[in-house]
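Have a look at the structure below, then the notes.
The values are calculated or read from the model by the stated rules, or taken from the named source; none is laboratory data. No experiment lies behind these values; they were computed from the predicted model shown. In this analysis, Cβ positions are derived from the backbone assuming ideal geometry, glycine residues included, and neighbour counts consider all displayed protein chains. Just the protein is used for accessible areas: all its heavy atoms, side chains included, with ligands, DNA and RNA removed. Shrake-Rupley method; radii C 1.70, N 1.55, O 1.52, S 1.80 Å.
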Amino acid sequence: AWWDGAGQIHPHRLKHFNDAMNHPIRLEDLLTNDNLFDTSNPQADTAYASAWALFYYLAWQQHENLFDYLYELSLRVSAQPYSRQERLTDFQRYFGKLDSIEVHWRRTMQALAAAQAAESTD
């Protein structure tokens with residue numbers, strides 16, 4: 001009852017993402033390591049918070065590229081595993097270099113958390 005759904009800020013995920021800034025999951029790992037999302041993994045909560053934060057960021061900052069990227073992924077039909085390098089190449093084709101995206105993504109989410117905190121004290 002404390003989250004309004006897709007496209008809205010998820011306060012719990014936002015807080016968890018920003019609380020994990022001292023030991024963040026790197027964008028490269030988030031994109032390529034499915035094991036992060038295994039619920040037996042101690043980093044699973046951070047991975048889910050990071051995934052939410054990345055999707056939220058991309059939906060607001062690069063929504064057209066996000067929709068094109070998701071469409072391309074939906075067309076992917078292969079008996080072969082989606083390799084680490086293919087995932088990185090595909091992501092960078094739509095969004096640019098990982099290090100640039102990662103810096104802007106994290107700064108944006110920190111600013112969003114600060115704005116949320118300021119709003120809740122008003």
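For the chain, with all protein chains in place and a probe radius of 1.4 Å, 52% of the accessible heavy-atom surface sits on carbon or sulfur.
When the convex hull of the Cα atoms of the chain is projected onto a plane and the area is averaged over all directions, what value comes out in nm²? The number I arrive at for the chain is 8.7 nm².
Free of any trypsin sites (Lys or Arg not before Pro) that DSSP assigns to a loop and that have at most 14 other C-beta atoms within 10 Å, the longest stretch within the chain is 27-75.
For the chain, which DSSP H helices look membrane-span-like by this rule: Cα extent along the axis of 18 Å or more and mean Kyte-Doolittle of at least 0.0? Taking the DSSP H segments of the chain (at least 18 Å long, mean hydropathy at least 0.0), we get 44-61. Neighbours of R13, meaning other residues whose beta-carbon lies under 11 angstrom from its beta-carbon, give a summed charge of -1 when Lys and Arg score +1 and Asp and Glu score -1. For labels at V77 and I9 in the simple 7 Å Cα→Cβ model, what's the distance in nm? Each label point lies 7 Å from its Cα, and together they span 4.2 nm.
Charge tally around N41: other residues with Cβ under 12 Å, Lys/Arg +1 each, Asp/Glu -1 each, net -4.
Placing R0 at 22 angstrom, the Cβ-Cβ distance between T121 and M21 gives a FRET efficiency of 0.60 after rounding to 0.05. Computed per residue of the chain from DSSP H runs no shorter than four, each worth -39500 (n - 2.57), the mean residue ellipticity at 222 nm is -21000 deg cm²/dmol.
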